[in-house]
1. Write out, first by first residue and then by second, each pair whose Cβ atoms fall under 9 Å of each other, whose residues are 6+ apart or on separate chains, and whose first residue, in the range 121-141, is assigned by TED's automatic domain parsing to the domain that holds residue 261 while the second is of a type in the set (Phe, Trp, Tyr) and surrounded by fewer than 17 Cβ atoms within 10 Å (Cβ to Cβ).
2. Does residue 181 meet the test of being closer than 29 Å to residue 108 by Cα, assigned by TED's automatic domain parsing to the domain that holds residue 162 and outside any loop (DSSP other than H, G, I, E, B)?
3. Could you grab me the full set of residues in the range 146-163 that are assigned to a strand (DSSP E or B) and of a type outside the set (A, V, I, L, M)?
4. Spot the failing condition for residue 202; the list is (1) buried (at least 20 other Cβ atoms within 10 Å of the Cβ); (2) of a type in the set (Val, Ile, Thr); (3) over 21 Å from residue 108 (Cα atoms), and only one is missed.
5. Listed residues 210, 267; which is within 22 Å of the chain's Cα centre (by Cα) and of a type in the set (Asp, Glu)?
6. Between a first residue in the range 205-220 that is assigned by TED's automatic domain parsing to the domain that holds residue 261 and of a type in the set (A, V, I, L, M) and a second residue that is in a loop (DSSP other than H, G, I, E, B) and at pLDDT 90 or above, which pairs have beta carbons less than 8 Å apart while being 6 or more apart in sequence or on different chains?
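The values are calculated or read from the model by the stated rules, or taken from the named source; none is laboratory data. The shown structure was predicted, so the numbers you read here are calculated from the model rather than taken from an experiment. Neighbour counts run over all protein chains shown; Cβ positions are idealised from the backbone, glycine included.
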Amino acid sequence: MRSLLNFLARYNNLIIFLILEGIAIYLLATGNTYHNSLFVNGIRGMTRGVEEKINNTRTYLSLRDINDALAGQNVALKNKMETMVKKENPLFFSYTDTIYQQQYIHSSAEVINNAVNRQKNYFTIDKGRLQGIQVDMAVVSDNSVAGKIVGCSENYSVAMSLLNLDFKLSVRIKSNGTFGSLSWDGRNNREAILSEIPQHIIVNVGDTIETTGYSAIFPEGIMVGTVSDFEKTGGDFYKITILLKTDFRKLHYVDIIGNLKKTEETELEKLFK
């Protein structure tokens, strides 16, 4: 009680001023229509501003749930497209599975750990064997190559990043279909090297590079990047620098692609090696 009295005694002039100011504003606002409308409109404007900030905050906080929902819908659509395509062309597929002769299955995941500054980089996703993830499944981000699964536990998986000296990928120049081998040289996390392209092939800066589908891991036609530079070496092949579409420093949500026919293909190929 004494503290309250001391406070009132110390700030009595300010308190009286604020009370009188409030009374003056009230009388001014209610005294005539013009000032009343200005006062009401001002209060409404302040209220709308506060409500807008609250709504923006709520929207920002719900982005994670929205992203998860969109990722789930995207996976469902991809699986449905696989099914529809195979149904429309049943004569081209003798393989029988439980998902309407579907070759690829899709799943979404979130990257929970990632490295880009080493010579051999890996990243971890939040799904494992219990969610259907297996070794040698392809990992893509925004429809571009990111890596491949190399290890799984029950609820987590580790993927070898494209930014890994051991990562090799069969790719082609989209404009002419010439294929070669893509690898990372350990230098720039935005670039990779395309080799084995003969020098008689016409190569242009800006050419799109995509997967060939020759491996049993990556489907055909997934974008890798674009040609940013090329040069003739001492041999018969170009050294082509590829600007990667995937920005590995921003890797967050990824799609996992599994080839249902991988075992059949690899077992057959072993007979001729």
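1. That search, which allows pairs on different chains as well, returns 141/253.
2. Values: closer than 29 Å to residue 108 by Cα: yes; assigned by TED's automatic domain parsing to the domain that holds residue 162: yes; outside any loop (DSSP other than H, G, I, E, B): yes.
Taking the combined requirement at face value, the residue satisfies it.
3. Pass one, the range 146-163, residues assigned to a strand (DSSP E or B): 146-152, 157-163.
Scanning the range 146-163 gives 147, 148, 151, 152, 157, 161.
4. Going through (1) buried (at least 20 other Cβ atoms within 10 Å of the Cβ); (2) of a type in the set (Val, Ile, Thr); (3) over 21 Å from residue 108 (Cα atoms) one by one, residue 202 breaks only (1).
5. Details: 267 fails: within 22 Å of the chain's Cα centre (by Cα).
Step by step, each of 210, 267 is checked, and only 210 is within 22 Å of the chain's Cα centre (by Cα) and of a type in the set (Asp, Glu).
6. Once the first residue is assigned by TED's automatic domain parsing to the domain that holds residue 261 and of a type in the set (A, V, I, L, M) and sits in the range 205-220, its partners that are in a loop (DSSP other than H, G, I, E, B) and at pLDDT 90 or above give 209/174; 216/136; 217/136; 217/137.
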